[in-house]
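Trainee: So that we are looking at the same thing, I have put the structure below in structure tokens.
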Amino acid sequence: MSQEEDPELQIIKARKMKQLKEKAKLFEKMKEDETKAKTEVSKIDDKQVLLKYLYDRGDEVLKLAESQFPVQTRIIINRIVDLIKSGEIDSLISGGELLAIFRSVGLRIRVDTNIRIKEHGKFISFGEKLKEGI
């Protein structure tokens, strides 16, 4: 009788081990997903902190940087926010200054520029003004 129970016990033990392994995998996956979620929230928070310090088209420069160099921009955002949190940066950052930061690390962000002239209460482009003069 004890010989018949041994195979049954082995089957039961194997089944229990399988269940425990599946639970462990599920737990690890949940833990990993939670870590990723915290990282994403941190990235969003860092961006919000930086946006509060930007003025004079700084948000436009940041949006262009994210579209052209997403990975590098996240790293730079994290570093700038670290400097803000540590108190090394305590003033607002203009769009030009942010552009200079990106260019100083070698990222050539393309910014569309338009020169407009106010004439008779309306704005016309510089190119149109030159055409009128000819």
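Trainee: If each residue of separation counts as 0.36 nm, what is the full-extension length gain between ASP59 and LEU9 once their alpha-carbon separation is subtracted? Let's see the in-between values first.
Mentor: Details: separation 50, 0.36 × 50 = 18.00 nm, distance 6.61 nm.
Roughly 11.4 nm would be gained on extension.
Trainee: Taking the Cα centre as origin and putting +1 on Lys and Arg beta-carbons and -1 on Asp and Glu beta-carbons, what dipole magnitude results for the chain, to the nearest 20 debye?
Mentor: For this selection, approximately 340 debye.
Trainee: Before rounding to the nearest 500, sum -39500 (n - 2.57) across all DSSP H runs of length at least 4 in the chain and divide by the residue total; then give [θ] at 222 nm in deg cm²/dmol.
Mentor: Rounded to the nearest 500, the figure is -25000 deg cm²/dmol.
Trainee: Ignoring trypsin sites (Lys or Arg not before Pro) that are buried or in helix or strand per DSSP, and keeping those with at most 10 other beta carbon atoms within 10 Å, what is the longest stretch of the chain between them?
Mentor: Details: sites that count: ARG108, ARG110.
Between exposed loop sites, the widest span is 1-107.
Trainee: Same structure again: Post the alpha-carbon centroid distance, segment 50-75 to segment 113-134, in whole angstrom.
Mentor: With segment 50-75 and segment 113-134 each reduced to a Cα centre, they are spaced 29 Å.
Trainee: Once phi is turned into θ = phi - 60°, what whole-Hz ³J(HN,Hα) does the Karplus curve with 6.51, -1.76 and 1.60 give for every residue of segment 102-110, x standing for Gly and Pro?
Mentor: My calculation for segment 102-110 gives 4, 5, 5, 9, x, 9, 8, 7, 7 Hz in order.
Trainee: For LEU54, enumerate residues with amide H under 5 Å from its amide H, sequence gap 5+ or separate chain, H modeled in the peptide plane.
Mentor: ILE93
Trainee: Further, regarding this structure: HN-Hα J couplings of segment 11-19 from phi, Karplus 6.51/-1.76/1.60, θ = phi - 60°, integer Hz, Gly and Pro as x?
Mentor: Coupling constants for segment 11-19: 5, 5, 4, 4, 5, 5, 4, 4, 5 Hz.
Trainee: To continue, here is another question. For the chain, count all C-alpha to C-alpha pairs, find those more than 23 Å apart, and express that count as a whole percent of the total.
Mentor: I get 61 percent for the Cα pairs in the chain exceeding 23 Å.
Since every read-out is calculated from the coordinates, none of them should be taken as a lab result. Computed from a prediction, not measured in an experiment: that's the story for all the values here. FYI the Cβ positions are ideal-geometry reconstructions off the backbone, even for glycines, and counts take in every protein chain you see.
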